[in-house]
Structure formats: C-alpha cells, structure tokens
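Asker: Quick one: the structure is below, questions incoming.
The values are calculated or read from the model by the stated rules, or taken from the named source; none is laboratory data. Bear in mind that the values here come from a model prediction, so they are computed numbers and not experimental data. Neighbour counts run over all protein chains shown; Cβ positions are idealised from the backbone, glycine included.
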Amino acid sequence: MFQSLTLLALAAVVSAQTVWDVTVGGAKAGFTFSPSSTTAKNGDIVRFTFAGPMGNHTVTQSTFAAPCTAVDGGFDSGYAPVGLPAGTTTTSQEWNVTITDETKPIWFYCKQALPSPHCLMGMVGAINPPPSGNTIDKFITAAKAVTPFPPQSAGTGPGIAATTSGKPTALTSSSSDTASGTDSATGTNTASGSGTSPSNTGAPGGAAFAQTATSGGAVAAAVLAGVAAFML
Ligand SMILES: *[C@@H]1O[C@H](CO)[C@@H](O)[C@H](O)[C@H]1NC(C)=O
Ligand SMILES: *[C@@H]1O[C@H](CO)[C@@H](O)[C@H](O)[C@H]1NC(C)=O
C-alpha cells in the first residue's frame, strides 16, 4: 500500500500542485507526525495519512505559544480512528490541508487524551516554521512541557493560512491482515474446546495440538493488547 501511495505522490508532484505527505501515528511513526516539519507553497497540499494498524489521532491547529490548545479559526481534522475497535479491518484515512498563505507558520498537534495526552508526548508538527527563532524543535520541546493538559475543543475553522478537505476520508485500499489474524485465533478457541473430552486418553497428537492452539491464541491476544496500548 505504501508503494502505491508513493506512486500517487510522485504522480501528483509531476502535476502543477505539489502534494507533501505526512504520516499521522501508525506502527512506524508512533506518537508523531512524520515528518514533523514540511515546507509548502501556496496551493500545495499537505496530505495527512492516519496510519494503522491501530490509532485514533487528530490534526488540530494551534499556536506556537500554546501548543496543545486549538486556536480560534484554526483547522481540526477531528478524531480519525484506524483499526478500532481492536480486531476490526484496518483502513487508513487521509485528510488534506491546502496552503493559502505560505508566509505564515502553521502549528498543529494531536488532541487525543488517551491513553495519555499525545501532545504532551511531543505529537506536534508544523508547516513552514521559521528556520530560527520559533523553530519546530522548540515547538516540540514546548509541547512536552505543557502542564496540565488543557481541556480540548474543536477548532472553529476554516483554518489559518490554510483550508482543508473537510473530514478525513477512508482510503479504499485497506489491509485485512489484522482481521484475518483475528479469525485464526477464533478457530483456535474452537479446537481447544473440543480437546476437553479426550484429554484423559493422552493422545499425543491431540494434546500437542491443543497446547499449540492455546499458546497461539494467547500470543495473538497479547500482541493485540500490546498494539492497542501502544497505538491508542
Ligand atoms: C477516538 O477518540 C475519541 C476521543 O478520545 C473517542 O471519543 C472515540 O470514541 C475514539 N474512537 C474510537 C473508534 O475508539
Ligand atoms: C488529497 O489530495 C490528493 C492530491 O490532490 C487527492 O488525490 C486526494 O483525493 C485528496 N484527498 C481528499 C480527502 O481530498
């Protein structure tokens, strides 16, 4: 899927309008926007892809001075859950920000508070930040120092120095890998249930199968729990 996204990005680059890709969360990026800083011209699109296998993030405009607070008139993608509840099909979502004033820095953050505030973990980013003074590095440091995490509200829009594509949109190419993994774990449970009656006979094949199946299920559950804890 990432290959086709890259091809799409390349195709867009050849046309007049440049599309800059930013990954929101996901297995690779973790609690970050990647890259955290983008330089874009008027009319360019910054395309945010909310990545899987699991996550629930926002792209919310703030100011340099108040990194974790929605700014009046700023944009807000709203929550874009991916792969939730656990075990559902992973479908990435995308959301576009079009630059209307390249001379103004655009600061943004993730307003998700669970399991702990993402902004305070440094999940912030910028478009066209100045190379000195209020830099992206200082913004990340400032976000981590915010205390306490302020009450969150939606941005009032339409965006400062930018406009948006409305609400995040599910990408049509989805990965069903997570879902099929869950399915085999369910089959496993059936096998271990049927193992109750012949357990006294000591049939080696049956016992071995039941053990493998049980530990497989436990591992799958542990992996899902681990992913959930990490990505939320
Ligand atoms: C995403 O996060 C928001 C805010 O914490 C929550 O209200 C919403 O239920 C979450 N969505 C899913 C599908 O978990
Ligand atoms: C975002 O922009 C790209 C490039 O123009 C376009 O292909 C895509 O459909 C847009 N997505 C949304 C949600 O508007």
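Asker: Among the residues of segment 81-111 satisfying the criterion of being surrounded by 24 or more Cβ atoms within 10 Å (Cβ to Cβ) and within 16 Å of ligand 1 (Cβ to nearest atom), which is nearest to THR49 (Cα to Cα)?
Answerer: For segment 81-111, the residue satisfying everything is SER92.
Asker: Could you list, in sequence order, all residues of segment 40-80 that are away from ligand 2 (no atom under 16 Å from the Cβ), closer than 17 Å to SER165 by Cα, in a strand (DSSP E or B) and of a type in the set (Gly, Ala, Ser)?
Answerer: Passing the criteria: none in range.
Asker: Let me ask you something else. Here are the criteria: (1) in contact with a helix residue (DSSP H, G or I) (Cβ under 6 Å, 6 or more places away or on another chain); (2) under 24 Å from THR135 (Cβ atoms). Tell me which single one ALA29 does not satisfy.
Answerer: Result: ALA29 fails condition (1) only.
Asker: Would you point out the residue of segment 12-29, among those that are part of a loop (DSSP other than H, G, I, E, B) and modelled with pLDDT of 95 or more, that is surrounded by the most Cβ atoms within 10 Å (Cβ to Cβ)? Step through it out loud before you land on a result.
Answerer: Quick first cut of segment 12-29, residues part of a loop (DSSP other than H, G, I, E, B) only: 15-18, 25.
Subset that is modelled with pLDDT of 95 or more: 18, 25.
Values: THR18: 16, GLY25: 28.
Per the criteria, the residue is GLY25.
Asker: For the condition away from ligand 2 (no atom under 16 Å from the Cβ), in the same structural domain as LYS28 (by TED's automatic domain parsing) and at positive phi, what is the one hit in GLY83, GLY157, GLY125? If you could, list the steps in order and put the result at the bottom.
Answerer: Values: GLY157 fails: away from ligand 2 (no atom under 16 Å from the Cβ); GLY125 fails: at positive phi.
Only one candidate passes the filter, namely GLY83.
Asker: Could you tell me whether any residue of segment 160-173 is free of Cβ contacts under 8 Å to residues at least 40 places away in the same chain and of a type in the set (D, E, K, R)?
Answerer: No, every residue in segment 160-173 fails to be free of Cβ contacts under 8 Å to residues at least 40 places away in the same chain and of a type in the set (D, E, K, R).
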